[in-house]
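> Have a look at this one.
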């Protein structure tokens, strides 16, 4: 208590002395303002178009036995750009058999205002199945095994090949002059950048193998995550 | 008290990082592909609707086959039937797995022709590209005497069944005995059958002089089919 009184007294004496010497604690002041408006962009990623569907039968013979069809669902509209994309693509193959394959070409679209990069492609399988990523085509092909374990089918998901068309001009009986992925120029989706209002042509291919069982239905899901381009992690 | 310190440190780190432009935040979006692969079925069967038919013939002096038996007698007998019903769950169609041809009281120059329909009750086209033909000769007590060997050097499914007397698994005319002529015919081999389609085939047999009395010949014919797009892997 006694100490506080001393401090206050010292402060009063100091102010008094300064005022005598012409120093007064007073000033004019003025102020300016910053008004900030941050209009956030949007990041909206999805499918918009099924471009083309084809299968082994289109090349090897005249029959129409199996069929591979893509459908789009779960529309979502970007409020910023007004564009609509679809969040779910369902690829359904019917009456499949060993050596049959079906390819669908579709677009992955950036309907937002921020560039995106594909950060992650994740394959999800039901219980009892396992996936072995291809060492030759990492991130683009998986071998799917059941619990026996036998190879049931391969799944390919890749950016449209640069050399599209070159490998498809072979006369029936259609045969690739080498591994499909090499001849066709398969490249993984991860790391591909899509600018706003742009699309990435993408293909999915499924080819059932000898040990796929008759009259069975196999399912899988693939999640494709896109991230704002400046936060991409290689 | 300890918690407050930890919280203060975390806050301090976050403020420090943000001051340098490092913020753990990003936008991302995700889409999903659902894949559904419905496998078809490859099911070759004998026809569920039309039963097999068995005919007898005898050969006249002009070398022409005549229906029935010589002099109109009822000596031999042949029957044909399908057994082992199967069901294709995919196509919801029925068929049979086995054709049984029974010939009793047969004799040399007795001709038995059987017709039956193959039906593709699956969803995948099939090529019937061949047959596996084996057999046995049994005595009246049911004991196997010899195996039967299929002999068809030109591969047209018009061949012969020989008793493998020396048991070496190959036909040796000097030792083995020809007992039955066998012909399996259709318009063409390999025979393609599309889903829901049927093709009639005929199995013709006639018994040779050396076929032994009171013995029983069992012939097993397996029809070989393959999905039509894999024919080149099994058929020359």
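> Which of the residues spanning segment A:133-174 are at pLDDT below 75 and within 14 Å of another protein chain (Cβ to nearest Cβ)?
A:172, A:173, A:174 - these are the residues of segment A:133-174 that are at pLDDT below 75 and within 14 Å of another protein chain (Cβ to nearest Cβ).
> Of the residues that make up segment B:112-125, is at least one on the phi > 0 side of the Ramachandran plot and either in contact with a strand residue (DSSP E or B) (Cβ under 8 Å, 6 or more places away or on another chain) or at pLDDT 95 or above (or both)?
Within segment B:112-125, none of the residues are on the phi > 0 side of the Ramachandran plot and either in contact with a strand residue (DSSP E or B) (Cβ under 8 Å, 6 or more places away or on another chain) or at pLDDT 95 or above (or both).
> Now for a separate question. If I filter segment A:190-201 for residues that are facing chain B (nearest Cβ under 7 Å) and either surrounded by 19 or more Cβ atoms within 10 Å (Cβ to Cβ) or at pLDDT below 95 (or both), do I get at least one hit?
Scanning segment A:190-201, I find no residue that is facing chain B (nearest Cβ under 7 Å) and either surrounded by 19 or more Cβ atoms within 10 Å (Cβ to Cβ) or at pLDDT below 95 (or both), so the answer is no.
> Next question, about the same structure. Examine segment A:208-221 for a residue that is over 30 Å from residue B:228 (Cα atoms) and either modelled with pLDDT of 95 or more or surrounded by fewer than 18 Cβ atoms within 10 Å (Cβ to Cβ) (or both), and state whether such a residue exists.
Yes, because at least one residue in segment A:208-221 is over 30 Å from residue B:228 (Cα atoms) and either modelled with pLDDT of 95 or more or surrounded by fewer than 18 Cβ atoms within 10 Å (Cβ to Cβ) (or both).
> Which ranges mark the strands (runs of 3 or more DSSP E) fully within segment B:21-63 that have 3 or more residues being closer than 29 Å to residue B:75 by Cα and within 26 Å of the chain's Cα centre (by Cα)?
Once the strands (runs of 3 or more DSSP E) in segment B:21-63 are filtered for at least 3 residues that are closer than 29 Å to residue B:75 by Cα and within 26 Å of the chain's Cα centre (by Cα), what remains is B:53-59.
> Does segment A:98-129 hold any residues that are at the interface with chain B (Cβ under 8 Å from one of its Cβ atoms), closer than 30 Å to residue B:123 by Cα and out of contact with any helix residue (DSSP H, G or I) (no Cβ under 6 Å at 6 or more places or on another chain), and which are they?
Of everything in segment A:98-129, those that are at the interface with chain B (Cβ under 8 Å from one of its Cβ atoms), closer than 30 Å to residue B:123 by Cα and out of contact with any helix residue (DSSP H, G or I) (no Cβ under 6 Å at 6 or more places or on another chain) turn out to be A:98, A:100.
> Let me ask something else about it. Regarding segment B:215-226, can at least one residue be identified that is within 14 Å of another protein chain (Cβ to nearest Cβ), crowded, with 16+ Cβ neighbours inside 10 Å and assigned to a strand (DSSP E or B)?
Yes, there is a match, as at least one residue in segment B:215-226 is within 14 Å of another protein chain (Cβ to nearest Cβ), crowded, with 16+ Cβ neighbours inside 10 Å and assigned to a strand (DSSP E or B).
> To continue, here is another question. If residue B:44 passes every condition in (1) crowded, with 18+ Cβ neighbours inside 10 Å; (2) on the phi > 0 side of the Ramachandran plot but one, which one does it miss?
Unmet condition: (2).
> Something else: Which count do you get for residues in segment A:80-97 that are at pLDDT 90 or above and either part of a loop (DSSP other than H, G, I, E, B) or touching a helix residue (DSSP H, G or I) at 6+ places or on another chain (Cβ under 9 Å) (or both)?
4
The values are calculated or read from the model by the stated rules, or taken from the named source; none is laboratory data. Just so you know, these numbers come straight off a predicted model, no measurement behind them. Counting neighbours? That spans all protein chains shown, and the Cβs are built from the backbone with ideal geometry, glycine included.
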